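J.: Just dropping this structure here.
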Ligand SMILES: N[C@@H](CCC(=O)N[C@@H](CS)C(=O)NCC(=O)O)C(=O)O
């Protein structure tokens, strides 16, 4: 392990990609410092944070003076730099390419389609005070349905994890995204036993870091449930 300052990560645990980074760090017991950037308070727009990431987004990682944005890049960097167990991001070219294949697809499918449901059911009503637009939610859910079908029929076809026999960073990115609509009380995996079994395998593989990273999300879910 490199000497010097601990890896620093700038996170808001309500953010899906931040949770993926947090889970990787904590389940591998990689010493790190978390700097919380509360998006709801606009802390990502301060001059200090903007200097770190001009795109004003979390997560950001700082390793000594090396600053890195984009969860996908951060996860792969941490595995490589700190020699985390190889299964997270395999060295063998074909197995590595499978992870890259998913993570490229993730940002055009799993992430936008799942995030849209969360935005429509939780963020828009909260920020605008208006009721949930059920027509839009219906359309978003049907789009997400296509992505969930692909996860089952393509990535999880005859294998326990998205990219093979063991957990990789791809599973972390995916599971954190698919958890997000729970904030509004929606379990998008409810009628998806194959994906539920995969999620349980991911949870078992990462242990208590899963619930720890999702504690903010669970609190919002419970608060919203209490309002009904
Ligand atoms: N592709 C980026 C996405 C980062 C991102 O969109 N982060 C959101 C939270 S999930 C954010 O910081 N949003 C603040 C803003 O856009 O103002 C990644 O995977 O790291």
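J.: Once you order the gyration tensor axes a ≥ b ≥ c over the Cα atoms, which shape class does segment 146-213 get: rounded for a/c under 1.5, otherwise prolate or oblate by comparing a/b with b/c?
T.: Note, shape of segment 146-213 comes out oblate.
J.: While we're on this one: Multiply the residue gap between residue 126 and residue 201 by 0.36 nm, knock off their C-alpha separation, and tell me the result in nm, one decimal place.
T.: 23.7 nm
J.: Over the Cα atoms of the chain, how large are the radius of gyration and the largest Cα-Cα distance (Dmax), in Å?
T.: Every Cα atom of the chain included, Rg and Dmax give 17.5, 54 Å.
J.: Hey, fewest Cβ within 10 Å first, where do 105, 88 land in order?
T.: 105, 88
J.: Please find the FRET efficiency linking residue 35 to residue 165, where r is the Cβ-Cβ separation and R0 is fixed at 41 Å, and quote it to the nearest 0.05.
T.: For R0 = 41 Å, the calculated efficiency reads 0.70.
J.: Cut-off is 10 Å between beta-carbons; in what order do 72, 222 appear when sorted fewest neighbours first?
T.: Starting with the residue having the fewest Cβ neighbours, the order is 222, 72.
J.: Could you please rank 100, 63, placing first whichever residue has the fewest other Cβ atoms within 10 Å of its Cβ?
T.: Ascending number of Cβ neighbours within 10 Å: 100, 63.
J.: Of the residues 41, 57, 76, which exhibits the maximal mean-square fluctuation in a Gaussian network model of the chain defined by a 10 Å Cα contact cut-off?
T.: 41
Taken together, the values in this text are just the output of simple stated rules run on the coordinates, not laboratory data. A quick note: this is a predicted structure, and the numbers were derived from the prediction, not measured. Ideal geometry is used to build each Cβ from the backbone, glycine not excepted, and the neighbour counts take in all protein chains shown.
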